[in-house]
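Enquirer: Mind having a look at this structure? Questions to follow.
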Amino acid sequence: MALLDWRSPEHYDHTGDQPCLICTKPTPLRSERGKPVHKVCAEDWIDRHPPEEDGA
């Protein structure tokens with residue numbers, strides 16, 4: 001799983017803030033899927049919901 005580079009301009013919406021999907025406070029940041037989310041909210045959610053690794 002690749003980590004998201006939050007500094008990349010593709011994760012910043014210059015048209016305006018939208019409510020974060022997790023905390024509902026406004027944010028200009030967007031996830032890799034284009035959803036509005038704060039970096040700290042996303043990191044906290046991932047810590048509580050770790051991705052399942054493929055059993056190899």
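The values are calculated or read from the model by the stated rules, or taken from the named source; none is laboratory data. It should be emphasised that the depicted structure is a prediction, and the values quoted were computed from it without experimental measurement. FYI the Cβ positions are ideal-geometry reconstructions off the backbone, even for glycines, and counts take in every protein chain you see. Surface areas here come from the heavy atoms of the whole protein model, side chains and all, with no ligands, DNA or RNA. Shrake-Rupley method; radii C 1.70, N 1.55, O 1.52, S 1.80 Å.
Enquirer: What are the residues in the range 8-41 that are outside any loop (DSSP other than H, G, I, E, B), open to solvent by less than 30 Å² (accessible area, probe 1.4 Å) and either in contact (Cβ under 8 Å) with a residue 24 or more places away in the chain or in contact with a helix residue (DSSP H, G or I) (Cβ under 7 Å, 6 or more places away or on another chain) (or both), if any?
Expert: Start the filter on the range 8-41 by keeping residues that are outside any loop (DSSP other than H, G, I, E, B), which leaves 9-12, 18-19, 26-27, 29-30, 36, 39-41.
Keeping just the survivors that are open to solvent by less than 30 Å² (accessible area, probe 1.4 Å) gives 11, 27, 30, 36, 41.
Listed by number, the list holds a single entry, ARG30.
Enquirer: Okay, next question. When both residues are 6+ apart or on different chains and their Cβ atoms are under 8 Å apart, which pairs have a first residue that lies in the range 42-56 and is under 16 Å from CYS20 (Cβ atoms), and a second that is surrounded by 10 or more Cβ atoms within 10 Å (Cβ to Cβ) and modelled with pLDDT of 90 or more?
Expert: These pairs meet every condition: ALA42/ILE22; ASP44/ILE22; TRP45/ILE22.
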